[in-house]
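S.K.: Here it is, the structure, as structure tokens.
The values are calculated or read from the model by the stated rules, or taken from the named source; none is laboratory data. Only a predicted model underlies this, so the values are computations on that prediction, with no experimental measurement involved. Every residue, glycine among them, receives a Cβ derived from its backbone with ideal geometry; neighbour counts consider all protein chains shown. What goes into the accessible areas is simple: the full protein's heavy atoms, side chains included, and nothing from ligands, DNA or RNA. Shrake-Rupley method; radii C 1.70, N 1.55, O 1.52, S 1.80 Å.
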Amino acid sequence: MKQKIVVLLILILVSVSVIAAGEEIGSGEDFLILVNRDHPVAEGYVPADLVLLEDVIPEGLCTYEHEGIMGNREAALAWVSLLTAAHADGLDEWRFSEGYRTIADQQDLFDRTVQDYMDRVGMPEDFAIEVTMDTVAPAGTSEHHTGLAFDITVPGEYFGDTGQYLWMKEHCWEYGFILRYTEEWEDETGYMEEEWHYRYVGVENAMKIKELDTCLEQYLFWWIEE
Ligand SMILES: [Zn+2]
């Protein structure tokens with residue numbers, strides 16, 4: 001009950017400040033596309049303004065797990081600011097493992113994961129599919145299709161155990177990124193916690209999502225679809 005009152009108070013405070021700021025919520029709207037199990041992207045969807053991260057992010061700020069990792073241009077520029085700040089704070093090891101993914105790539109990943117469960121653990125196919133559904137988005141339902149989602153790692157370490165993760169948890173919002181899949185919101189997002197997965201929504205939205213301590217689904221429900 002007490003928690004509900006606090007949440008309500010925060011909502012009221014934030015809405016007052018938004019109105020005072022001249023209803024700026026729409027300014028980041030292009031970056032609020034919702035892609036999840038219930039909201040697949042349209043078939044043939046290809047996001048606008050994709051760039052190769054290595055063309056935008058100066059060498060030395062990060063490495064790449066494989067060649068050709070792409071993302072939205074504005075998001076890539078936001079990574080430049082974020083990674084520059086993180087380096088200044090003494091965290092210099094960052095590796096991108098995923099950015100934009102095509103729908104065909106997604107289907108491959110899904111099929112390979114199912115096959116892997118069947119081969120390695122001897123799971124029956126229907127069970128392997130069920131387990132895969134917990135961690136891999138079926139084709140069309142991955143945020144990676146938008147060019148706004150990125151997986152970042154530290155080579156040789158579990159990202160959730162790194163200083164980089166603690167830094168991201170505190171600062172990613174300031175650069176327009178949100179920690180998209182947290183334990184707290186598993187039921188809403190449909191995904192288990194992923195400490196390495198960051199979604200670009202623009203600074204204004206990210207800061208509000210942090211302030212509200214919510215997830216993208218709830219944020220859109222409360223703020224955008226009114
Ligand atoms: Zn991801």
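S.K.: How high is the relative contact order of the chain, in percent, with contacts defined as C-alpha pairs under 8 Å that are six or more residues apart?
M.R.: On the way: 318 pairs, mean separation 49.7, N = 226.
Relative contact order of the chain: 22 percent.
S.K.: Just report the Cα centroid separation between segment 153-226 and segment 58-124, whole Å.
M.R.: Cα centres, segment 153-226 to segment 58-124: 16 Å.
S.K.: Let me ask something else. Considering only the chain, what is the antiparallel percent among its DSSP beta bridges, to the nearest 5?
M.R.: 90 percent
S.K.: May I ask for the equivalent-ellipsoid semi-axes of the chain, computed as the square root of five times each C-alpha gyration tensor eigenvalue and listed largest first in whole Å?
M.R.: 28, 23, 18
S.K.: How do the peptides 56-64, 171-179 rank, highest first, by the average count of neighbouring beta carbon atoms within 10 Å per residue? Working shown, then result.
M.R.: On the way: 56-64: 14.6, 171-179: 21.3.
Descending packing order for the listed peptides: 171-179, 56-64.
S.K.: Something else: Would you work out which of Y45, F177, W94 lies farthest towards the positive end of the dipole of the chain, given +1 charges on the beta-carbon of Lys and Arg and -1 on that of Asp and Glu, about the Cα centre?
M.R.: F177
S.K.: With a 1.4 Å probe and all protein chains left in place, how much accessible area per residue does the chain have, in Å²? Intermediate values should be presented prior to the final figure.
M.R.: Numbers: 12090 Å² over 226 residues.
Computed with neighbouring chains in place, this is 54 Å² per residue.
S.K.: Which of L50, L148, L166 moves most in a GNM of the chain, Cα contacts under 10 Å?
M.R.: Taking springs between Cα atoms under 10 Å, the residue moving most is L166.
S.K.: Pop out the carbon and sulfur fraction of the accessible area of the chain as a percent, whole number, probe 1.4 Å.
M.R.: 54 percent
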